[in-house]
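Student: Quick one: the structure is below, questions incoming.
The values are calculated or read from the model by the stated rules, or taken from the named source; none is laboratory data. Nothing here was measured: the structure is a model prediction, and the numbers come from that model. Cβ atoms come from the backbone with ideal geometry, glycine included; neighbour counts cover every protein chain shown.
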Amino acid sequence: METALFKTDKTIGNLLILAGIALFIPYSILSATFEYPVILRQDVGVILTKFHEGGNSLIWTWWAFAMVGLPLLPAYVLIGQKLENKLPFVRWATYIGVISLIVQMLGLLRWTFVVPVLADNYLTGNEMTKEAAKVAFQVIHQYGGVVLGEHVGQLFTIIWTVMICYAFEKLHLMPRWLTRFGYGASAIYLLAQPDLFATVMPDFPVVDLAGFIGSTLWLVWLIVLGFKFRQRGSLQRGSRG
């Protein structure tokens, strides 16, 4: 039983590290080649034109961005299974975490299977087709991106992080500085939410770069958490040996 627990810690650690590092790769590529995430709030015509110029490589980059986070699904579940018997609320945290991953993946996949069609229609169609493509993009972007990916997905990610950090504190599983890091990253990440309301209420106050800084710090926290889980597995196994 204890050997299985040690292996579980190392598995969780490996999954968190893999996903965290893997997410940095397409994110960095999109930042360099597509001006992501700044481009999300630019004029629709600018977005569709730049997307069309990116070609197939940009489509594959968005697909990779949607898929590389999949290792987090089993990681969230394994963390939940590890803690929920001691703290029942962790089960709810697991549900919230899994939902956050799924809706963010669905939101990102619009760039692979929907936006390419709209970008092609915008660049090659007549004036009526162009206007229709712009309207269609606004609808899918607002719902798939703002509502699902950025609002529900990111908000649920923040909630999962805070709940899990609280569980780590209660059970003394992780260093206090790491849980504080998680709280801090979540707080900054939360400051990106007003930007979403500003898409429908232009005068709504926003905090520039909160999304970029918050998401980057969250990924760093995730990777460090992964190494701590690996360390726990190795130390516990060594103490038994």
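Student: Of the conditions (1) surrounded by fewer than 19 Cβ atoms within 10 Å (Cβ to Cβ); (2) within 13 Å of the chain's Cα centre (by Cα); (3) of a type outside the set (A, V, I, L, M, F, W, C), Gly214 satisfies every one except a single condition; which number is it?
Tutor: The number of the failed condition is (1).
Student: Between Phe181, Phe156, Phe227, which is in contact with a Ser or Thr (Cβ under 7 Å, 6 or more places away or on another chain), at pLDDT 95 or above and farther than 30 Å from Thr49 by Cβ?
Tutor: Details: Phe181 fails: in contact with a Ser or Thr (Cβ under 7 Å, 6 or more places away or on another chain); Phe227 fails: in contact with a Ser or Thr (Cβ under 7 Å, 6 or more places away or on another chain).
It is Phe156.
One line per residue, one yes/no per condition, for (1) surrounded by fewer than 17 Cβ atoms within 10 Å (Cβ to Cβ); (2) in contact with a Lys or Arg (Cβ under 7 Å, 6 or more places away or on another chain); (3) among the polar types (S, T, N, Q):
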residue	(1), (2), (3)
Ile21	yes, no, no
Phe34	no, yes, no
Leu58	no, no, no
Thr61	no, no, yes
Leu78	no, no, no
Lys82	no, no, no
Gln104	no, no, yes
Asn121	no, no, yes
Thr124	yes, no, yes
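Student: Same structure, new question: Taking interchain pairs and intrachain pairs at least six residues apart, which have beta carbon atoms under 8 angstrom, with the first residue in region 185-202 and farther than 15 Å from Glu150 by Cβ and the second aromatic (Phe, Trp, Tyr) and assigned to a loop (DSSP other than H, G, I, E, B)?
Tutor: none
Student: Okay, moving on. Which of the residues spanning region 143-181 are free of Cβ contacts under 8 Å to residues at least 60 places away in the same chain and either on the phi > 0 side of the Ramachandran plot or surrounded by fewer than 14 Cβ atoms within 10 Å (Cβ to Cβ) (or both)?
Tutor: Within region 143-181, Tyr143, His172, Pro175, Arg176, Trp177, Arg180 qualify.
Student: Right, next: Can you find even one residue in region 160-174 that is out of contact with any strand residue (DSSP E or B) (no Cβ under 9 Å at 6 or more places or on another chain) and over 19 Å from Ile12 (Cα atoms)?
Tutor: Yes, there is a match, as at least one residue in region 160-174 is out of contact with any strand residue (DSSP E or B) (no Cβ under 9 Å at 6 or more places or on another chain) and over 19 Å from Ile12 (Cα atoms).
Student: Against the conditions (1) surrounded by fewer than 17 Cβ atoms within 10 Å (Cβ to Cβ); (2) at pLDDT below 95, where does Val135 fall short? Just the number, please.
Tutor: (2)
Student: When Ile12 is evaluated against the numbered criteria (1) touching a Leu at 6+ places or on another chain (Cβ under 6 Å); (2) among the β-branched types (Val, Ile, Thr); (3) surrounded by fewer than 18 Cβ atoms within 10 Å (Cβ to Cβ), which criterion, by number, is the only one it fails?
Tutor: (3)
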